[in-house]
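Below is the structure I would like to discuss, written out as structure tokens.
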Amino acid sequence: MVVTPRTQEEIQAMRTGGKILAEALEMMREATVPGITTAEIDARVREFFKQKGVEPAFLGYYGFTGAVCISVNEEIIHGVPKQDKVIQEGDIVSLDCGVLHNGMVVDSARTFGVGEIPEEARLLIERTKKSFFKGVSKLKDGAWTGDFGQACEEYLDKFGYGIIRDYAGHGVGRAVHEDPTIPNYGTKGTGFQLQEGMTIALEPMVTLGAEETYVDADDDWTVLPVDHSLSAHYEHTVLITKNGVEILTQL
């Protein structure tokens, strides 16, 4: 496996795209209110990207029909925007989106509650996000992908959560998915050794129960846990630096 560090020009394109993506995710989060459909959210982000002069990286990717993946409650990832999918009070919603800017892709995701949500759902969202930061704190030039996975797993295991095995973080930049693959579980000092200048998307995907998944036969995209337990997702694109990481997809 050969993973080439980014040039300064490529990194700058990803920084700019990352800020736009962070703005888009915040805009969509604010727009996600009871009664809105997931197709309406998708339409809003398409218009936002058009105004910003960037392209949605996911639209048309392997035939995906949306600009954003919108996964609700037990849906983990890859939820297809639909006219008949209406957001309800008490839902938890995961938005996963990508931007293409000057030939470079960034990828990011958030899960949040709509109105009042159960405490177990609030904690799942909070802890999924925290697991990302536990893992990312272990990364810098010379660290291993297993360092990230072990830190995530050790933290999430305290709560008995399910860590999705079938999907993982990944390299990102010239394409949406590049090497290396970066699981949210693992062993320190194993996997792929990271170098300064590499860009990767790290994305814990966590459930209240099962780790095993299946793909919804109705749309051939939406991924769910086999026990239909609530699910959360948190993702940033990061740049590996000499002493840590730079998060590229935040405001």
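Would you confirm whether any residue within region 69-89 is touching a residue at least 12 places away in the same chain (Cβ under 8 Å), of a type in the set (A, V, I, L, M) and farther than 20 Å from residue 38 by Cα?
Quick first cut of region 69-89, residues touching a residue at least 12 places away in the same chain (Cβ under 8 Å) only: 69-89.
Of the ones still in play, those that are also of a type in the set (A, V, I, L, M) are 70, 72, 76-77, 80, 86-87.
Next, only the ones that are farther than 20 Å from residue 38 by Cα stay: none.
No, because not a single residue in region 69-89 is touching a residue at least 12 places away in the same chain (Cβ under 8 Å), of a type in the set (A, V, I, L, M) and farther than 20 Å from residue 38 by Cα.
Same structure, new question: Given the conditions (1) under 24 Å from residue 26 (Cα atoms); (2) acidic (Asp, Glu); (3) without any contact (Cβ under 8 Å) to a residue 12 or more places away in the chain, and given that residue 218 satisfies all but one, which numbered condition is not satisfied?
(1)
I've got another one for you. Residue by residue through region 97-120, note down the ones that are within 18 Å of the chain's Cα centre (by Cα) and among the aliphatic types (A, V, I, L, M).
Those that are within 18 Å of the chain's Cα centre (by Cα) and among the aliphatic types (A, V, I, L, M): 99, 100, 104, 105, 106, 109.
Taking residue 3 as the residue in question, decide whether it is touching a residue at least 24 places away in the same chain (Cβ under 8 Å), surrounded by 15 or more Cβ atoms within 10 Å (Cβ to Cβ) and in contact with an Asp or Glu (Cβ under 8 Å, 6 or more places away or on another chain).
Numbers: touching a residue at least 24 places away in the same chain (Cβ under 8 Å): yes; surrounded by 15 or more Cβ atoms within 10 Å (Cβ to Cβ): yes; in contact with an Asp or Glu (Cβ under 8 Å, 6 or more places away or on another chain): yes.
Here the answer is yes, as residue 3 does meet what is asked.
Can you tell me which of (1) of a type outside the set (Val, Ile, Thr); (2) in contact with a strand residue (DSSP E or B) (Cβ under 9 Å, 6 or more places away or on another chain); (3) in contact (Cβ under 8 Å) with a residue 24 or more places away in the chain; (4) farther than 23 Å from residue 117 by Cβ is the one residue 48 doesn't meet?
Every condition holds for residue 48 apart from (2).
Then there's this: Filter region 1-54 for residues that are within 12 Å of residue 97 (Cβ to Cβ) and acidic (Asp, Glu) and give the result. Full working, then the answer.
Quick first cut of region 1-54, residues within 12 Å of residue 97 (Cβ to Cβ) only: 17-18, 20-29, 41-42, 44-46, 48-49, 54.
Scanning region 1-54 gives 23, 26, 42.
Evaluate the following for residue 127: is it assigned to a loop (DSSP other than H, G, I, E, B) and in contact (Cβ under 8 Å) with a residue 24 or more places away in the chain? Can you show your working first?
Numbers: assigned to a loop (DSSP other than H, G, I, E, B): no; in contact (Cβ under 8 Å) with a residue 24 or more places away in the chain: yes.
Against the criterion (assigned to a loop (DSSP other than H, G, I, E, B) and in contact (Cβ under 8 Å) with a residue 24 or more places away in the chain), residue 127 does not qualify.
Only residues that are among the small types (Gly, Ala, Ser) and more than 19 Å from residue 109 (Cβ to Cβ): list them for region 40-59, please. Show your work before the answer.
First, pick out the residues of region 40-59 that are among the small types (Gly, Ala, Ser): 43, 53, 57.
Hits for region 40-59 are 43, 53.
Out of (1) touching an Asp or Glu at 6+ places or on another chain (Cβ under 8 Å); (2) closer than 28 Å to residue 33 by Cβ, what's the single condition that is false for residue 120?
(1)
What tally of residues in region 67-105 results from selecting those that are farther than 20 Å from residue 168 by Cα and surrounded by fewer than 24 Cβ atoms within 10 Å (Cβ to Cβ)? Spell out how you get there, then give the answer.
Start the filter on region 67-105 by keeping residues that are farther than 20 Å from residue 168 by Cα, which leaves 67, 81-92, 100-104.
Next cut, surrounded by fewer than 24 Cβ atoms within 10 Å (Cβ to Cβ) only: 81-92, 100-103.
So the count comes out to 16.
Which numbered condition in (1) within 17 Å of the chain's Cα centre (by Cα); (2) surrounded by fewer than 18 Cβ atoms within 10 Å (Cβ to Cβ); (3) on the phi > 0 side of the Ramachandran plot is the only one that residue 133 fails?
With respect to (1) within 17 Å of the chain's Cα centre (by Cα); (2) surrounded by fewer than 18 Cβ atoms within 10 Å (Cβ to Cβ); (3) on the phi > 0 side of the Ramachandran plot, residue 133 is out only on (3).
I've got another one for you. Of all residues in region 16-35, count the ones that are surrounded by fewer than 17 Cβ atoms within 10 Å (Cβ to Cβ) and either within 15 Å of residue 250 (Cβ to Cβ) or touching a residue at least 12 places away in the same chain (Cβ under 8 Å) (or both).
Just the residues of region 16-35 that are surrounded by fewer than 17 Cβ atoms within 10 Å (Cβ to Cβ), to begin with: 23, 26-27, 29-31, 33-35.
With the extra rule that they be either within 15 Å of residue 250 (Cβ to Cβ) or touching a residue at least 12 places away in the same chain (Cβ under 8 Å) (or both), the set shrinks to 23, 26-27, 29, 31, 33-35.
Result for region 16-35: 8.
Run down 98, 115 and say which single residue is modelled with pLDDT of 95 or more, small (Gly, Ala, Ser), outside any loop (DSSP other than H, G, I, E, B) and within 25 Å of residue 128 (Cα to Cα).
Values: 115 fails: outside any loop (DSSP other than H, G, I, E, B).
Only one candidate qualifies: 98.
The values are calculated or read from the model by the stated rules, or taken from the named source; none is laboratory data. Here the structure is a predicted model, which is why all the values come from computation and not from measurement. Glycine also receives a Cβ, built like all others from the backbone with ideal geometry; neighbour counts cover every protein chain displayed.
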